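Asks: Mind having a look at this structure? Questions to follow.
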Amino acid sequence: MAAHDAFYALPDSLLSFILSKIPIKDAVKFSILSKRWRFLYTQMPELTFSPDLVLGPDCPSLNPLLVSSAENIISNILLLHSQNLEAFHLHNTGFDHSQPRFSHENVCKWVRYASSCNVQHLTLSDHYVPALFDESHSALKETPPPALFSCLRLVTLYLRHYILTSIPIDFVGFPHLISCRLEDVQLTDESLISLISLCPLLQKIERRRNDWLGNIEIFSPTIEHLSLHRIKSLSIKCPKLKILCGSMFEDLSVNGVRFYELSSAVFYVEMDCGSTLRQFFMEFSRGHSPGTRSRFLDIVGNIQRLKGLVIYLGDPFEREAEMDVPLLNLFHMLPNLQLLHMMGTFVQELAREPVPVCLTSPHLNLKKIRVQVLEFDDKEIAIISCLLQSTPFLERIEIQLPEEYEEGQCMYFLKDILYLRRASLLVRIIIMHDMYEI
């Protein structure tokens, strides 16, 4: 059978699936090929609409008449649609807030239709407003279409640029929702907590916005992935939590682990079934209180099963005599580390202390190390030498050199590193300069 005939022999369900992966304007054009193709676009399981996808990328969407024409095309496509919808994606975007867009009335009508078709994956990206207008012109945003709250078959939901400061009283929840992404969605503490509590199967929720939330307490037996930013007080009690991504917490508690004054430094946390920390990324800058070093070691050092640690020091730790805890103790406290990244001034801080030839006990699990050197001096080389001689199964060490160093200086450093003794026969030493390997 010829390739041409084989393609046309495919079942309608597969052909309509293929059509759903190309722009809707082109999918409709295929209806002129033959009688069989005439209404295939009405069976597509996934529909994606935006002004440029309907009218074409070269069509001037600034013209209100053309936008109205696009709205009629979308309405007709939905009117003819004859199958349940797996996915409905609506991108109502423009370059600035003065451009015409799909009317809120039509958007509500389309979402109502998607709800009646048991849509499972829904994207609603409303009109784009530049960051300059974001906070002071919140009136430019719309509330989500009311029919959104009747999409009871939703599995994934992506909302962008809406106001969701209250949840309808009669909303019974999204019983099947697994993933929810809220980008530039205006929320309140209550609306966020209510949304989470009304999604009994929710596993992942992301919230990206520049305004602050107040006191958030999240209790969920199913959540595995949280991405949250700018929260004054965040308390998480999720037994299945695996990953927390975020920044700018004034107070943070994760499944009983209190971070106290380190809350603002936590950027990424990976947990093992919610109870044991496996990996986390802490970013320190100026403004941390005296004793931060001691508190850091108290928290991290007590998690002996920690497998990955990424530390970025923007400024040196404050050093007070009564709080001067050797950072080298960190290695003795974490025997199960597999991944270690020490960025910013962390290696410089380690180099302030007497550096042993090698650690008293070898790190048998450590496979990858990344370090950033700043001073290019004997003490920093001594730290690298200590790590190389203490890691018998190390597979890779990446050393980031300062960008201002010239090629000759880099080659001099490379020669010193290559002469160092190492415990592992497998280790690859990668010298990075200005993000390029030497």
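Asks: In the stretch 188-214, how many are within 27 Å of Asn118 (Cβ to Cβ) and either out of contact with any Cys (no Cβ under 8 Å at 6 or more places or on another chain) or of a type outside the set (Lys, Arg) (or both)?
Replies: Of the residues in that region, 15 qualify.
Asks: In the stretch 101-120, which residues are assigned to a helix (DSSP H, G or I), of a type in the set (Phe, Trp, Tyr) and open to solvent by less than 20 Å² (accessible area, probe 1.4 Å)?
Replies: Selection gives Trp110 alone.
Asks: Those residues that are open to solvent by 40 Å² or more (accessible area, probe 1.4 Å) and either within 15 Å of Leu327 (Cβ to Cβ) or not in a loop (DSSP other than H, G, I, E, B) (or both), I need them from the stretch 375-406; list them, please.
Replies: Asp378, Lys379, Gln389, Arg396
Asks: Select from the stretch 153-180 the residues that are open to solvent by less than 10 Å² (accessible area, probe 1.4 Å), in a loop (DSSP other than H, G, I, E, B) and of a type outside the set (A, V, I, L, M, F, W, C) and write down the one among them that is farthest from Ala114 (Cα to Cα).
Replies: Per the criteria, the residue is His161.
Asks: Right, something else. So which of Thr42, Thr48 is among the polar types (S, T, N, Q), modelled with pLDDT of 80 or more, open to solvent by less than 70 Å² (accessible area, probe 1.4 Å) and closer than 30 Å to Pro175 by Cα?
Replies: Testing whether each residue is among the polar types (S, T, N, Q), modelled with pLDDT of 80 or more, open to solvent by less than 70 Å² (accessible area, probe 1.4 Å) and closer than 30 Å to Pro175 by Cα leaves just Thr48.
Asks: Right, another one. Against the conditions (1) open to solvent by 10 Å² or more (accessible area, probe 1.4 Å); (2) more than 30 Å from Arg101 (Cα to Cα); (3) at pLDDT 95 or above, where does Lys242 fall short? Just the number, please.
Replies: Result: Lys242 fails condition (3) only.
Asks: Looking at Ser264, Ser247 in this structure, which one is within 24 Å of Ser294 (Cβ to Cβ), polar (S, T, N, Q), buried (at least 19 other Cβ atoms within 10 Å of the Cβ) and modelled with pLDDT under 85?
Replies: Criteria check complete, one pass: Ser264.
Asks: Based on what the data block shows, is Leu309 modelled with pLDDT of 75 or more and over 29 Å from Ile218 (Cα atoms)?
Replies: no
Asks: Within the stretch 59-90, how many residues are at pLDDT below 85, open to solvent by 50 Å² or more (accessible area, probe 1.4 Å) and outside any helix (DSSP H, G or I)?
Replies: Residues in the stretch 59-90 being at pLDDT below 85, open to solvent by 50 Å² or more (accessible area, probe 1.4 Å) and outside any helix (DSSP H, G or I): 6 in total.
Asks: Where residues in the stretch 359-374 are open to solvent by 50 Å² or more (accessible area, probe 1.4 Å) and not in a loop (DSSP other than H, G, I, E, B), which of them is nearest to Gly344 (Cα to Cα)?
Replies: In this case the residue turns out to be Arg370.
The values are calculated or read from the model by the stated rules, or taken from the named source; none is laboratory data. Please read these numbers as outputs of a predicted model, since none were measured by experiment. Methodologically, a virtual Cβ is constructed for each residue, glycine included, from the backbone with ideal geometry; neighbour enumeration extends over all protein chains shown. Ligands, DNA and RNA are excluded from the accessible area calculation, which covers all protein heavy atoms including side chains. Shrake-Rupley method; radii C 1.70, N 1.55, O 1.52, S 1.80 Å.
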